[in-house]
Amino acid sequence: MNRYPLWKNVTVVIALMLGLLYTLPNFFGEVPAVQVSSVKATIKIEPRLLSRIEDVLKSAAVAHNGLYADQNSIRVRLADTDTQLKAKDAIEKALNPDPTDASYSVALNLLSASPKWLSDMHALPMYLGLDLRGGVHFLLQVDMKGAITKRLDSTAADLRSLMRDKNVRHAGINREGQNIAIKFREAELREKAKAVLADNQPDLLLVEAQDGADLKLVATLKPEAHKRIQEFAIKQNITTLHNRINELGVAEPVIQQQGADRIVVQLPGVQDTAKAKDILGRTATLEVRMVDDEASDNPATMELAAKGQPPLGTDYYVERGGRGLLVKKQVVLTGERLTDAQPGFDNQTHEPAVHLTLDSAGARIFKDVTRESVGKRMAILLIEKGKGEVVTAPVIRTEIGGGRVQISGRMSTVEANDVALLLRAGSLAAPMDIIEERTIGPSLGADNIAKGFNSTKWGFIAIAVFMSAYYLLFGLVSVLALSANLLFLVALLSLLQATLTLPGIAAIALTLGMAIDANVLINERVREELRSGSSPQASITAGYERAWATILDSNVTTLIAGVALLIFGSGPVRGFAVVHCLGILTSIFSSVVVSRGLINLIYGRRRKLDKLSIGQLWKPGAESAAAGAAE
Amino acid sequence: MEFFRIRKDIPFMRHALVFNVISLITFLAAVFFLATKGLHFSIEFTGGTLLEVSYTQAPDLERIRKALEADGFADPQVQNFGSSRDVLIRVPLTKNTESAKVGERVIESLQKVPGGTQSAGAGDTATSAANTPTLKRVEFVGPQVGKELAEDGALALLLVIIGIVVYLAFRFEWRFAVSAIIANLHDVIIILGVFALFQWEFSLPVLAAVLAVLGYSVNESVIVFDRVRETFKKKRGLTTPQVLDHAITSTISRTIITHGCTQAMATSMLVFGGAALHYFAMALTIGILFGIYSSVLVASPLVMWMGVSREQFVKAKKDKAEGVTEDGACV
């Protein structure tokens, strides 16, 4: 008797059902959609926006098939491309009344057409790689040495002002390669400096040295500070890239860290590499300028300025609260002087605030300017795309020295976070180089899908025909098991949202070609058992059991190769390796457990079984054609 | 249907020396081609810029090449890709130019010579104006990436070798492990040799195919060895060559059917996969065909030369536990 215990049957059925469920979204194809995302870091995608878009569509009489919101965007599903364009125009007009100063990007996109209950179950279609859907891929190398040097430069400047504040006389502070050297005339001063530095600069490792007549203190960054700076630089650059790419209105950009110092940027659907590169490489800058208070308080001047005629030497800006402001053209400070911006709280009022850190040159300028302009207002502007935006315009209360500036007042915690981010995001923490670039046209992508699909399809058909002809019913069961394998593989890839590339499709084909091996092994074993005279039921049991050890061994060796590729592979090889490894795992289950389940279902309950449909059996010595029947 | 009607064990081992000599010759030939011609690495390894452009009419490749050379690209490679209207252009990495911009500059020079069609004379501008190139794909790879890929590829190969040897030594015997890996590495060298001989492009997917085939062919040896072990345990009084012959003969139908099926997939990729999968499928095909030969007819003689014998299996078994029967069942 060959019967599975109930739990085993249930497992197979559940696995098949789950496989089917998660494969399902791939069959629905895609529908046109409009995607709305924020261009500015200060504007968040909120639930309120969702209802606003809904109202806009309603008033424009555009029928939609559902609105979806996620963290960064809102997507509207539409019936066809005509309504897609109409909807885009309507939303664009409503959300961006001023096309020259857009707050949202409204882009055409494609969404999976699978029903909502499937999407809710996280059943999504496979995530296609760029080579299948077209787009641009960049690999950027972050210049870590540059980030460290930049940091050391600003630390050296900090040390100078620190020494001045603490009245420690030194004979020069300079960056020498990856160190900062501080020279002293007297050993006493050096001791004093050492104590001061230990208190104020915990990131520095101090070593005493002698250079001719000079006493030196050599400061290097501690390894953990090194690591922190590098991590910060990468994170910062990713944030900056995110902000910039949002402007492009790309549907689903991928911006990821790869390794210690690299960033991958993938922009599906973007064809214009030149524009993409331009945007990636652009820098937004911060400017600190003085507000022309007298002019700003004069309603008549303001009215003229709002119409585009600001007084000579000033620029008209609208503050975030909506009030107009006249700012002097003369720039006090630029973002280059800013070393860090962190959200936090005011020490006294406990209001949310943003703490800025300036380098020493910036600190000196800031100190001078604030001393001279107590009671006046200072505007902090972010210049992007050649246009400025007043982030905040606080009143200067006292002279601010030490390079630590705090912006506070009328800010929520969220706003403080955003402003800090915005200020940080203004520039890249470290320079980046494009070290790999790939552009794939959309027609090529569709072509690749068709080619990959056809190869798999015809290969599968060839195997199916052969197996069914050679092993008859057992062959058919093998083919069904192989189909189950394909189902599981596609379901897993959809579930994990692993990126499917052309090499990945090739891996599906190859894995299927290799997976049939397990069934061939089983079928051959069963034949062999029959040939040696075992009863059909015993042959099935023995065939599966004996083949199992061999199947395991052979799959482990293949898996070793797959895992090695997964560890060391990058790009196309990784796409191949992921599918290959998953395929080996699913094939073990489907070719052994699922096929045995089917065989048990067909033969398991028959008490008097005298023949198995496994093709003709030929026995040496007995030339009779009726050898198919076992004694 | 039953393809394999084999009455007696085929005496493979009688010809062991012949097989080993054949392998040695092919191996040496492969090494020779690798050494003299070298592999034609894709830009993924060497760094550089690759563009795939498509024209409405078949362009004149020579004119495109000349136009690129005139614009200061040293040694550009221009060739058809898939069809006569699709052109693949490779520009090697240069030290001075800003490498990330090469792609755009190539497009510019291509547009200057629109079409590059063969028709000459007064009608030239009219016909070629319509025949402007459309960009299908650009790839740029910087020098540091290529170097890393080569290193990672070598490391991956090393890891596969170590992993397989350790696993086989653990599951079988060191003799099996060593001969399996030698037989299959010789496959790898032969694939590489063929790629060197025909100067086919060696790209990352090809590397993936080579490693996948390595894992796959080791299967083959594993299955034969599995039988060898089983035969040693079950049948007494057979000499080592006889045992090997029996193991190979009794698994040969499975060997050929499995490889046939895998090859069906590879052939399908070769036929339907287009240019992008061509060399991948090619590497698979060579790997599968040589895999049958080497893992069966090279690995087994090697095991024999290394002196495998019945005692190595039976003794080890008895050492483990008393009262264990032949089938491994314990009462």
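Summary table below
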| item | result |
| --- | --- |
| Test: A:R244 is under 21 Å from the mean Cα position of the chain (by Cα), basic (K, R), outside the structural domain of A:S38 (by TED's automatic domain parsing) and modelled with pLDDT under 85 | yes |
| Subset of the range A:512-552 [buried (at least 24 other Cβ atoms within 10 Å of the Cβ), facing chain B (nearest Cβ under 9 Å) and polar (S, T, N, Q)] | A:N523 |
| Hits in the range B:166-209 - residues which are part of a helix (DSSP H, G or I), crowded, with 18+ Cβ neighbours inside 10 Å and over 18 Å from the mean Cα position of the chain (by Cα) | B:Y167, B:L168, B:R171, B:R175, B:F176, B:A177, B:S179 |
| Test set (1) in a helix (DSSP H, G or I); (2) farther than 25 Å from A:A462 by Cα; (3) in contact with a strand residue (DSSP E or B) (Cβ under 9 Å, 6 or more places away or on another chain) - A:S570 fails condition number | (1) |
| Subset tally (residues that are more than 18 Å from A:M378 (Cβ to Cβ), surrounded by 15 or more Cβ atoms within 10 Å (Cβ to Cβ) and of a type in the set (S, T, N, Q)) for the range A:300-341 | 2 |
| Of residues in the range B:38-64 being outside any loop (DSSP other than H, G, I, E, B) and away from every other protein chain (no Cβ under 14 Å), the one surrounded by the fewest Cβ atoms within 10 Å (Cβ to Cβ) | B:E62 |
| Residue count, the range A:210-228 (criterion: surrounded by 13 or more Cβ atoms within 10 Å (Cβ to Cβ), over 21 Å from A:L162 (Cα atoms) and not charged (D, E, K, R)) | 1 |
| Selection from the range B:150-165 of residues that are more than 17 Å from the chain's Cα centre (by Cα) and in contact (Cβ under 8 Å) with a residue 12 or more places away in the chain | B:I164, B:V165 |
| Those residues of the range A:430-442 which are more than 7 Å from chain B (Cβ to nearest Cβ) and small (G, A, S), in sequence order | A:A430 |
| Close pairs from the range B:203-227: first more than 8 Å from every other protein chain (Cβ to nearest Cβ) and free of Cβ contacts under 8 Å to residues at least 60 places away in the same chain, partner assigned to a helix (DSSP H, G or I) and buried (at least 24 other Cβ atoms within 10 Å of the Cβ), Cβ under 8 Å, at least 6 apart | B:R227/B:A247 |
| Residue, farthest from the chain's Cα centre (by Cα), within the range B:28-76, restricted to residues that are more than 21 Å from A:P572 (Cβ to Cβ) and among the acidic types (D, E) | B:D71 |
| Counted residues, the range A:465-489 - those being surrounded by fewer than 20 Cβ atoms within 10 Å (Cβ to Cβ) and more than 10 Å from chain B (Cβ to nearest Cβ) | 5 |
| Residue check for A:K44: of a type in the set (K, R) and within 21 Å of A:I255 (Cα to Cα) | yes |
| Hits in the range B:260-283 - residues which are more than 8 Å from every other protein chain (Cβ to nearest Cβ) and out of contact with any Gly (no Cβ under 7 Å at 6 or more places or on another chain) | B:L270, B:H278, B:Y279, B:M282, B:A283 |
| Residues of the range A:383-395 satisfying the condition of being surrounded by fewer than 14 Cβ atoms within 10 Å (Cβ to Cβ) and modelled with pLDDT of 80 or more | A:V395 |
| Check on A:F460, under 21 Å from A:V593 (Cβ atoms) and either touching a Leu at 6+ places or on another chain (Cβ under 6 Å) or more than 7 Å from chain B (Cβ to nearest Cβ) (or both) | yes |
| Failed criterion for A:S105 (all others in (1) surrounded by fewer than 18 Cβ atoms within 10 Å (Cβ to Cβ); (2) of a type in the set (S, T, Y); (3) more than 30 Å from A:G362 (Cα to Cα) hold) | (1) |
| Test: residue in the range B:14-34 that is more than 27 Å from B:P143 (Cα to Cα), of a type in the set (K, R) and either within 14 Å of chain A (Cβ to nearest Cβ) or loosely packed, with under 14 Cβ neighbours inside 10 Å (or both) | yes |
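Residue by residue, here is whether (1) in a helix (DSSP H, G or I); (2) modelled with pLDDT of 75 or more; (3) assigned by TED's automatic domain parsing to the domain that holds A:T349 holds:
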residue: A:R397; (1), (2), (3): no, yes, yes
residue: A:M411; (1), (2), (3): no, no, yes
residue: A:A420; (1), (2), (3): yes, no, yes
residue: A:D433; (1), (2), (3): no, yes, no
residue: A:E436; (1), (2), (3): no, yes, no
residue: A:G445; (1), (2), (3): yes, yes, no
residue: A:N448; (1), (2), (3): yes, yes, no
residue: A:F453; (1), (2), (3): yes, yes, no
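The values are calculated or read from the model by the stated rules, or taken from the named source; none is laboratory data. Keep in mind the model is a prediction, meaning the values are calculated, not measured. Virtual Cβ from ideal backbone geometry, glycine too; neighbours counted across all protein chains shown.
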